[in-house]
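Trainee: I am attaching a structure below and will ask some questions about it afterwards.
The values are calculated or read from the model by the stated rules, or taken from the named source; none is laboratory data. This one's a predicted model, so the numbers in the text were calculated from it and none came from an experiment. Using ideal geometry, Cβ is built from the backbone for each residue, glycine included, and neighbour counts are taken over all protein chains shown.
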Amino acid sequence: MRQSYAVLAATVGVAQGRIIYRESDTLVGRSFGGYNRGRPWDVLVREEKPDIVVMSVGPHIRGDAASYQALLEEIKASIDALGSEGGAMSKIKIFWKTSNVS
């Protein structure tokens, strides 16, 4: 993610909007069988008000597909909540990044 952030920041540039880089294992602040470091993504977005958010999760979501689906539904609900707040929050560009495979 750090490399993806660097490429995006270099491509878009500061003049195009605020881009920040933060880490969060599960994005929602609760465990899915692995580590749960970092703060929930929507809390960070409300505090720092970036223009672009790129998010991803990987090996910290363990278990079956239902766990991953539950996580995605929770993220979708928080995206909808941000959009309903209006103003700058409703204009944030959100992208989902797939994991890098070597």
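Trainee: Under the condition of being at pLDDT 80 or above and surrounded by 15 or more Cβ atoms within 10 Å (Cβ to Cβ), which residue from the range 44-58 is nearest to the chain's Cα centre (by Cα)?
Mentor: Met55
Trainee: Considering only residues that are surrounded by 13 or more Cβ atoms within 10 Å (Cβ to Cβ) and of a type in the set (A, V, I, L, M), look in the range 59-77 and name the one that is farthest from Arg2 (Cα to Cα).
Mentor: The residue in question is Ala70.
Trainee: Of (1) surrounded by 14 or more Cβ atoms within 10 Å (Cβ to Cβ); (2) part of a loop (DSSP other than H, G, I, E, B), Arg30 satisfies all except one. Which?
Mentor: Tallying (1) surrounded by 14 or more Cβ atoms within 10 Å (Cβ to Cβ); (2) part of a loop (DSSP other than H, G, I, E, B), Arg30 fails exactly one: (1).
Trainee: Restricting to the range 67-102, name every residue that is among the polar types (S, T, N, Q) and in contact with a strand residue (DSSP E or B) (Cβ under 7 Å, 6 or more places away or on another chain).
Mentor: Residue satisfying the conditions is Ser67 alone.
Trainee: Among the residues of the range 10-21, is any surrounded by 12 or more Cβ atoms within 10 Å (Cβ to Cβ) and at pLDDT 80 or above?
Mentor: no
Trainee: I've got another one for you. Any idea how many residues of the range 60-102 are under 15 Å from the mean Cα position of the chain (by Cα), part of a loop (DSSP other than H, G, I, E, B) and at pLDDT below 85?
Mentor: Residues that pass the stated criteria total 4.
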